Every structure is written in C-alpha cells, then in structure tokens.
Amino acid sequence: MNRRTHAALAAVITASLTLALGACSSTSNDGGDNGGQQGVTTAGDGIIGGTPVKGGTLTILSNQDFDQLDPARNWTMPVMDVGVRMLYRTLTTFKAAPGAEGLKLEADLATDLGTSSDGAKTWTFHLKDNLKYEDGTPITADDIKYNVERSYSPELAGGPDYAVRYLNAPAGYQGPLSGERLGKEAIEVPDAKTIVFHLKRPVAEFAYTTSLPTFSPVPKAKEAGANYSNHPVSSGPYKIESYDRGKRMVLVRNSNWDQATDPIRKAYPDKIVVDQTLKGGGIADRLIADQGDDKNAISYVDLVPSKISEVLTNPDVKKRLVSENAGCTTKLDMNNTKAPFDNAKVRLAMQYAVDKESFAGAMGGPAFNEIATTYLPPVLTAGAAVDHFMIKPAGDPEKAKQLLAEAGFPNGFSTEMVTSTGGKPQAESIQASLKRVGVDVTITTVDPTAVNSIVGDKDKQPGLTSLGWCPDYPSAGTFLPMIFDGRAIKDKSNNGNMTRFNDPSVNAELDRIAGMDDLQKANAAWLALDAKIMDLSPAVPLIWQKKPVLVGSNIAGAYAHPVWAGQLDYAAIGLKSAK
C-alpha cells in the first residue's frame with residue numbers, strides 16, 4: 001500500500017511518506033540538532049498511557065483531508081487505519097496490539113480465517129451472526145461480494161487491486177456500476193452468510209489478503225459511485241455524523257455495532273473529532289504545549305523535523321512520542337519508459353549518484369528514518385537489512401560518472417522531477433546529488449492532491465519522482481509484485497508500479513513465487529528476486545521510514561501498530577480520563 005505510505009497524496013504514496021513530504025522542512029544530519037535521535041522510540045511492546053477508559057472525545061489533529069474513505073479505493077496509510085479500525089470491518093484483520101502480537105491475523109466479520117481447497121485456489125468464509133450496518137440492516141455475504149466487484153470499476157480507481165490480480169474473473173470485467181455482477185466462476189454466495197472465492201492460481205496467504213478494505217461490505221442500495229467516500233456506510237464501531245471535507249469530520253458511536261462480534265476494536269471514545277485545518281508545525285506546537293482539550297488530542301501527521309529537538313530534550317514531551325519503524329521504503333522512482341531512464345546502465349548509475357545521507361537529513365534524520373539499501377524493508381527480510389550494492393550512504397559520484405559514460409552520457413543529461421509543495425527540500429537534495437555527476441534536474445512542485453494525477457499519467461509523468469511503498473501485510477508478496485509487475489501498468493491512474501518497469505523475466509518470477517505453498521521457500525525466493533530487480537535498478541531505494549507521532553498527556557492506549565505502518569492503532573486508543 002502506499003502508506004505507510006501508505007502514508008497522503010494518493011494510492012501510490014504511503015501516507016507516512018506523504019505526510020513527511022507535506023510537512024517536513026529541511027534539516028541537517030550532521031550530528032548537530034539530530035544528535036541523540038538514533039533509536040528514539042517507545043518500547044517495542046510499550047503502550048503510552050495504559051488502558052483507556054470508556055467515554056470522552058478524542059481529537060485528531062491533521063493538516064489534510066482523507067484522500068479516500070471508500071473501502072474499494074482506500075489504499076494509503078494512515079487512511080486505511082482510519083477506515084478499517086473505525087468505519088468498516090473486513091473478513092479478517094490484525095490483532096490490536098503493538099509489536100509481534102500485532103502481526104497476528106484474526107477473524108473479523110468471518111467466523112474464522114477461511115478454509116482453502118483445490119490447492120489454495122478456492123477459499124470459503126462464513127459470516128458471524130448479528131452483523132449490522134449503522135442503519136440496522138443486516139450485513140450479508142453478497143455485500144462483501146459487491147464491494148469486491150467495485151474494485152474492478154474504472155470509476156472507482158486507486159484501491160487495492162488484489163481481487164483483480166487473484167480472482168478468476170472474466171477478462172475485461174468493469175465492475176457492478178453498470179449492473180454486471182461477477183459469476184460463480186469468480187465468487188459464489190450460496191447463502192447470506194457464506195462467500196466462496198475462486199482464484200486463478202493458488203494463493204496460500206489469501207486469508208491475509210481479506211484483511212484489506214476491498215473485503216469489507218458495501219450495501220448495493222447505498223451505492224453513490226465516486227461520492228461514496230463522503231459517507232461510507234458503517235459496519236464498524238463509529239459512523240460519520242458530519243464531514244466537511246478538508247475541514248472537519250465528526251464520528252459518533254454506531255449503536256448497531258455489536259462488541260460481542262468484534263473483540264478487536266475497543267471503541268473507547270464516545271466521539272472522535274478530526275480537525276483537518278491545521279499546519280504541521282502548529283500541530284506539534286499544540287501537542288508540545290499540551291493545554292486544555294489538546295491533552296485529549298493526537299497527531300494524524302508526522303512530527304516535523306524542526307520540532308524534534310524540542311521534543312527530545314523535554315522528558316515530559318518525549319514520553320508522549322511514538323516513533324517506530326513503519327516498514328516502508330521511500331524510493332527515487334525513474335520513469336523507465338522515458339529516456340534516458342529506459343537505459344538500465346543509466347538507472348544503475350543513479351544508484352551510485354544519489355546522496356542518501358542528504359536525503360535522509362532532509363527527511364528528518366535518524367529519528368525519522370534509516371538509510372535504505374534494498375527495496376524490501378527489514379520487516380520483510382527477517383528483521384535484518386540487506387545491503388545489495390554496498391555503496392556508501394553519501395554515494396559514489398566517480399562510479400556514477402563511469403557508468404554514465406559507458407551508457408553514452410559522458411556529459412550527463414537533463415531531466416525533470418515532480419514533488420508536492422512540502423517535498424521541495426527532499427527534491428532539492430536529490431537535485432544536488434545528481435548535479436555532482438552532470439545530471440541537471442528541474443523541480444516542479446504541485447499541490448499534494450495533484451501529484452498522483454501527474455505521476456500516474458503516462459503522458460504527464462516526468463523522469464523522476466520520489467514515492468514510497470509499504471506492505472499491505474507482512475509478506476513480500478504485497479511489496480515486489482505491487483511495484484514491479486509490468487502487467488499492472490496503466491496509461492492513466494497508474495498505481496503501484498510508478499517506474500513503469502516491465503521485465504518479462506521478472507513478471508514470470510513474480511508468478512512463480514506467488515504460487516508457492518511453502519512460505520519459507522517463497523521468502524527466500526523473494527529475497528533473490530529483490531536482488532535481481534536491484535541490478536536492473538528501476539528505482540533507487542532511499543530510506544526506510546519511521547512514524548514519529550505525538551499524543552496529548554490524557555491519551556491512553558497509544559502504540560505503533562506494525563501492520564498500519566507504525567501509525568497509532570485507532571482500534572485501541574482512547575483517554576486516561578473521560579472527565
């Protein structure tokens with residue numbers, strides 16, 4: 001997902017990356033203001049504030065609107081966290097706990113984690129009793145089927161495309177908005193509480209796939225097309241009372257949500273107010289000051305780098321900082337269809353040209369990130385970072401010049417880079433890196449909401465952009481195929497594979513690994529494929545992100561969830577005191 005990050009610009013940008021780009025100012029990484037930041041984090045199993053009480057109003061301070069709350073289109077972080085923890089439920093989901101416990105998959109709407117047959121090509125789920133929407137109508141298996149079908153609709157682009165990749169659906173199926181439903185060859189609904197998925201190939205981890213918002217229910221009678229995002233019908237513990245987009249959203253309890261059917265979501269606050277009108281620095285200032293109602297507030301966005309020293313040198317504030325690894329990789333994406341990045345040796349030269357130390361500093365330094373040395377983040381490589389090229393963090397300009405000369409560009413070349421308005425410092429660090437080897441980069445800044453429409457359009461996409469990716473669940477199968485499968489590329493509304501990299505041998509290996517039923521062997525194969533793609537260099541891995549988030553002093557149950565990209569888990573957060 002684009003989260004963490006996914007992460008929010010739009011589906012390809014992880015929300016944690018997006019928020020960092022939108023709010024961060026440039027800072028050095030020379031041991032000055034960043035001194036002592038290494039390892040700043042809550043304890044691996046730490047929960048700030050202990051167990052919350054029932055009641056009170058939780059305030060979420062933000063500087064932006066949610067890009068998509070429609071469950072068929074919600075594929076960025078932390079918007080997915082908001083959606084699947086508060087507004088809608090999925091067939092399966094992850095335990096509400098920090099650390100390794102949070103990686104455990106549990107049944108949600110389903111009675112269990114599903115039953116596979118036909119060599120993991122057929123998966124059957126049964127729904128729990130007494131499941132209802134916010135208006136009291138029953139949730140049925142066909143409602144889940146309907147939302148899965150919606151993920152095929154070109155009018156509802158941008159969401160998780162696992163159903164499109166996996167289901168045995170007819171070629172050219174365009175979703176249900178025109179009245180066409182999928183047949184039994186793809187999804188069967190033999191009764192109101194049973195749904196059966198038929199896949200093109202074995203998917204041993206399909207129970208994890210059904211934790212995505214694609215596999216939540218949407219009642220056909222409430223279909224609103226592209227406007228459904230304004231008020232998705234709640235199957236979760238909260239419903240939307242009001243939503244003035246880009247300004248304020250108010251959530252109140254969904255009286256038809258039954259806690260007995262949902263042991264995961266705790267629903268501690270009575271009300272949740274999301275204020276989207278603030279500035280990143282202003283959010284930090286308010287939470288550092290910790291006055292009045294701000295004691296009951298949390299930040300939706302990353303702590304800005306300019307405030308990190310102020311936080312770390314104040315023990316009372318530092319203990320309210322959550323900063324865990326997000327499991328996301330920020331990359332310098334090169335448009336592999338646009339000269340000269342259609343030349344693999346030019347792309348390889350960029351691996352040596354980029355000063356990752358400078359970029360990491362512009363993204364806030366060690367409290368915010370670690371330098372990335374391969375595409376797969378450590379969470380997908382058994383916790384240990386893989387250093388593929390063994391290049392010094394500051395780069396190797398001489399090696400880069402040598403490779404450019406061998407590629408036919410001894411004098412370098414010119415290219416363009418697009419970024420959000422808040423991402424200019426990071427783009428300038430890339431610009432300075434490449435200038436060292438004769439590559440002139442022209443930077444174009446646009447509103448964050450416009451980035452995806454540009455980089456996702458073949459005719460508009462420039463040579464360079466800096467985006468990120470986070471696994472949708474702890475599997476490299478949600479990472480490498482999403483960003484490097486050439487068959488998923490679209491001319492417009494492109495998502496995931498933003499480099500437009502399309503290598504037949506890589507595509508074939510993606511399929512081979514995805515069909516393996518031995519997950520240990522699959523993990524080893526993913527590592528080998530990661531190395532192969534690194535050699536082809538469609539993108540330069542830059543940093544592995546952390547997610548630094550401040551909370552108020554009356555907040556309880558605050559921890560970084562390992563699946564939600566280090567974001568606070570909205571399933572379990574609340575107040576110490578509701579008075």
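The values are calculated or read from the model by the stated rules, or taken from the named source; none is laboratory data. None of these values were measured; they are calculated from a predicted model. All Cβ positions, glycine included, derive from the backbone under ideal geometry; neighbour counts span all protein chains shown. With ligands, DNA and RNA removed, areas are computed over all heavy atoms of the protein, side chains included. Shrake-Rupley method; radii C 1.70, N 1.55, O 1.52, S 1.80 Å.
Compute the length gained on full extension between Asn343 and Ala192: take 0.36 nm times their separation in residues and subtract their Cα-Cα distance, giving the result in nm to one decimal.
Working: separation 151, 0.36 × 151 = 54.36 nm, distance 5.38 nm.
My answer for the length gained is 49.0 nm.
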With every protein chain in place, the accessible area of Glu155 for a 1.4 Å probe, in Å² rounded to the nearest 10, comes to 100 Å²
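Which semi-axis lengths, in whole Å and largest first, follow from the square roots of five times the eigenvalues of the Cα gyration tensor of the chain? Working shown, then result.
On the way: eigenvalues 251, 182, 80 Å².
Each semi-axis is the square root of five times an eigenvalue, giving 35, 30, 20 Å.
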In nm, the gap between the two label points placed 7 Å beyond Cα toward Cβ at Leu177 and Ala528 is 4.3 nm
Links exceeding 22 Å between C-alpha atoms in this model, out of Lys132/Lys295; Lys460/Lys490; Lys401/Lys546; Lys356/Lys424; Lys95/Lys128; Lys356/Lys401, come to Lys132/Lys295; Lys401/Lys546
Working note, the range 278-379: Cα radius of gyration (Å, one decimal) and Dmax (Å, whole number) are 18.3, 58
Toy charge model, Lys and Arg Cβ at +1, Asp and Glu Cβ at -1: the chain dipole around Cα centroid in debye, rounded to 20, equals 400 debye
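For the chain, report the accessible area per residue in Å² (1.4 Å probe, heavy atoms, rounded to an integer). Numbers along the way, then the final one.
On the way: 19940 Å² over 579 residues.
Counting only protein heavy atoms, the per-residue value for the chain is 34 Å².
How large is the charge dipole for the range 214-364, taken about the Cα centre, if only the Cβ atoms of Lys, Arg (+1) and Asp, Glu (-1) carry charge, to the nearest 20 debye? Write out the running numbers ahead of the final one.
Working: 22 positive and 19 negative charges, 63 e Å.
So the dipole magnitude of the range 214-364 works out to roughly 300 debye.
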So for the range 352-443, using the alpha carbon gyration tensor with a ≥ b ≥ c as root eigenvalues (a/c under 1.5 gives rounded; past that, a/b versus b/c decides prolate or oblate), I'd call it oblate
Bounding extents of the range 425-464 in its principal axis frame from Cα atoms, largest first in Å, are 31, 21, 10
Neighbours of Asp457 by Cβ distance under 10 Å: Lys/Arg at +1, Asp/Glu at -1, summed charge +2
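What does the charge count around Gly383 come to, taking other residues whose C-beta lies under 14 Å from its C-beta (Lys +1, Arg +1, Asp -1, Glu -1)? If you can, show how the numbers build up before the last one.
Values: positive: none; negative: Glu324, Glu370.
Overall, the nearby charge balance is -2.
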Lys and Arg at +1, Asp and Glu at -1: neighbours of Ser116 with Cβ under 12 Å from its Cβ sum to -3
Among Leu109, Gln174, Trp526, the residue whose Cα sits farthest towards the positive end of the charge dipole of the chain (+1 at Cβ of Lys and Arg, -1 at Cβ of Asp and Glu, taken about the Cα centre) is Leu109
Among Ala427, Gly408, Ser255, the residue whose Cα sits farthest towards the positive end of the charge dipole of the chain (+1 at Cβ of Lys and Arg, -1 at Cβ of Asp and Glu, taken about the Cα centre) is Ser255
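Provide the gained length on full extension for the span Arg245 to Lys492, in nm with one decimal, where the gain is 0.36 nm per separating residue minus the Cα-Cα distance.
Numbers: separation 247, 0.36 × 247 = 88.92 nm, distance 2.52 nm.
Gain in length upon complete extension: 86.4 nm.
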Under the 7 Å Cα-to-Cβ spin-label approximation, Ala394 and Ser577 lie apart by a distance in nanometres of 5.3 nm
Note on the range 220-304: contact order normalised by length, alpha-carbon pairs under 8 Å, 6 or more apart, percent, works out to 20 percent
Checking the range 133-169 for chymotrypsin sites (Phe, Trp or Tyr not before Pro) in a loop per DSSP with at most 13 other beta-carbon atoms within 10 Å yields none
Expressed as a percent, the accessible surface of the range 162-297 that is carbon or sulfur, using a 1.4 Å probe and the full set of protein chains, is 49 percent
Expressed in nanometres to one decimal, the distance between label points 7 Å along Cα→Cβ at Glu185 and Leu519 is 3.1 nm
